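Below is one structure, written out as structure tokens, with a few remarks after it.
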Amino acid sequence: MLGKYKIRILTIWLGRVFWGVFMYRWERGWYLLFGRGYEIFRVILTPLYNLAYAYSNIEIHYKADVKGGIMILHPSVGVVVSGLSVVGKNLTLTGGNVIGAKPGTKRGEIIVGDNCSMGANAVIIGPVRLGNKINIGASACVVKDCLTDGVSLMGVPAKVYANEM
């Protein structure tokens with residue numbers, strides 16, 4: 001990946017996506033290690049966290065359960081993931097994405113399956129459950145469950161369209 005110019009590692013370390021995902025993994029690790037104690041200690045570090053979030057434009061709440069393989073393509077548009085969500089592996093976010101919740105939603109009621117992707121400015125508003133390999137179209141707003149694997153969701157509110165491959 002670095003090629004013959006090892007200095008390219010700076011491009012990765014200074015990138016917005018690196019810092020956004022790093023901050024999530026950093027906070028998630030401390031939260032899993034110390035639980036409620038971290039929530040209290042976090043108050044002291046909030047100014048530093050806010051600077052990192054402002055730079056990266058990515059805010060993935062440390063209580064969100066995001067599996068490995070998250071890919072964020074255009075972080076300058078912003079990405080927000082609620083702490084109430086459970087996200088499967090290999091999620092692709094294009095930019096301007098929000099995974100959020102209505103009032104009264106409980107932890108774990110927003111479930112996104114494995115190998116899903118969200119188009120530009122796509123939104124998921126929970127409580128909602130999504131299956132695996134679901135593509136959410138640009139500017140779509142998902143508010144209802146879709147447990148069918150391998151389909152596309154498009155529109156406001158999002159409706160199911162079968163993938164033609």
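Every number in this text was worked out from the coordinates using simple rules, so none of it is lab data. All values reported here derive from a predicted model rather than from experimental measurement. Because the Cβ atoms are built from the backbone with ideal geometry, glycine has one as well, and the counts that use them run over all protein chains shown.
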Residues of the range 38-53 being farther than 20 Å from ILE12 by Cβ, of a type outside the set (Ser, Thr, Tyr) and either loosely packed, with under 13 Cβ neighbours inside 10 Å or out of contact with any helix residue (DSSP H, G or I) (no Cβ under 8 Å at 6 or more places or on another chain) (or both), which ones? ILE40, PHE41, VAL43, ILE44, LEU45, PRO47, LEU48, ASN50
Matching residues, the range 131-148, being more than 24 Å from VAL77 (Cα to Cα) and aliphatic (A, V, I, L, M): LEU147
Counted residues in the range 107-138 being part of a loop (DSSP other than H, G, I, E, B) and either among the aliphatic types (A, V, I, L, M) or under 13 Å from the mean Cα position of the chain (by Cα) (or both) come to 10
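Can you tell me how many residues in the range 114-135 are small (Gly, Ala, Ser) and surrounded by fewer than 20 Cβ atoms within 10 Å (Cβ to Cβ)?
Of the residues in the range 114-135, the ones small (Gly, Ala, Ser) are 117, 119-120, 122, 126, 131.
Checking which are surrounded by fewer than 20 Cβ atoms within 10 Å (Cβ to Cβ) leaves us with 117, 120, 131.
The qualifying residues number 3.
Can you pull out the residues in the range 52-68 that are of a type in the set (A, V, I, L, M) and in contact with a strand residue (DSSP E or B) (Cβ under 6 Å, 6 or more places away or on another chain)? Don't jump to the end; show me each part of the working.
Let us first name the residues in the range 52-68 that are of a type in the set (A, V, I, L, M), namely 52, 54, 58, 60, 64, 66.
Scanning the range 52-68 gives ILE58, ILE60, ALA64, VAL66.
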Would you confirm whether any residue within the range 76-98 is over 24 Å from LYS144 (Cα atoms) and free of Cβ contacts under 8 Å to residues at least 60 places away in the same chain? yes
